[in-house]
1. Considering only residues of the stretch 80-109 that are farther than 20 Å from A149 by Cβ and surrounded by 12 or more Cβ atoms within 10 Å (Cβ to Cβ), which is modelled with the lowest pLDDT?
2. Looking at the stretch 137-147, can you tell me whether even one residue there is among the basic types (K, R), modelled with pLDDT of 85 or more and assigned to a helix (DSSP H, G or I)?
3. How many residues, within the stretch 110-149, are closer than 16 Å to T98 by Cβ, open to solvent by 30 Å² or more (accessible area, probe 1.4 Å) and touching a Pro at 6+ places or on another chain (Cβ under 8 Å)?
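The values are calculated or read from the model by the stated rules, or taken from the named source; none is laboratory data. Keep in mind it's a predicted model, so treat the numbers as computed, not measured. Cβ coordinates were reconstructed from backbone atoms using ideal geometry, including for glycine residues, and neighbour counts include every protein chain displayed. The protein model used for the area step is the full one, side chains on, heavy atoms only, and it has no ligands, DNA or RNA in it. Shrake-Rupley method; radii C 1.70, N 1.55, O 1.52, S 1.80 Å.
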Amino acid sequence: MNEYDIEAEGTETPTPASGTPSLPFDIITFLLGIWRRRMIIIVATVASVAAAYVASMALSTREYASTPLLLYDPPTLDDEADSASQLSLNTLVDLFKTRQNLEAVRKKLELEAKVKAIGYSTTIDLRRKTTLLEIRTRWNDAEEAAAIANSIYE
């Protein structure tokens, strides 16, 4: 053995598989680099938020909602047996959004929207343990939203 072999035996070089995980960069240097570029990061963040706001306002439309409440008057014994008021409450809720009813609303208000669009924008809920019907319509015009909601239950 020569002296180089003895030196090589005493020193161990760490190998990547030695079990000590390490990052491919120094974390302190990374944080200092971010700190040095903080003004660029702040300006870029503010500019991107402003651009996103401008784009969202330019590409989106406002949405208005109208919510009339109807109180269902249960039929009495004196009413005729074949009248429409003899229907159950859940049947009436389902009848509000039939294709024929939505088509009549579209024709009455002379809307250019499709019947499916009117159906998607309108929800009809029965409040729990009450006889209140809530018709919610969301539309891009406040007057049209109110007109659609009011003409659906007519």
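1. The qualifying residue modelled with the lowest pLDDT is S85.
2. Within the stretch 137-147, none of the residues are among the basic types (K, R), modelled with pLDDT of 85 or more and assigned to a helix (DSSP H, G or I).
3. 0
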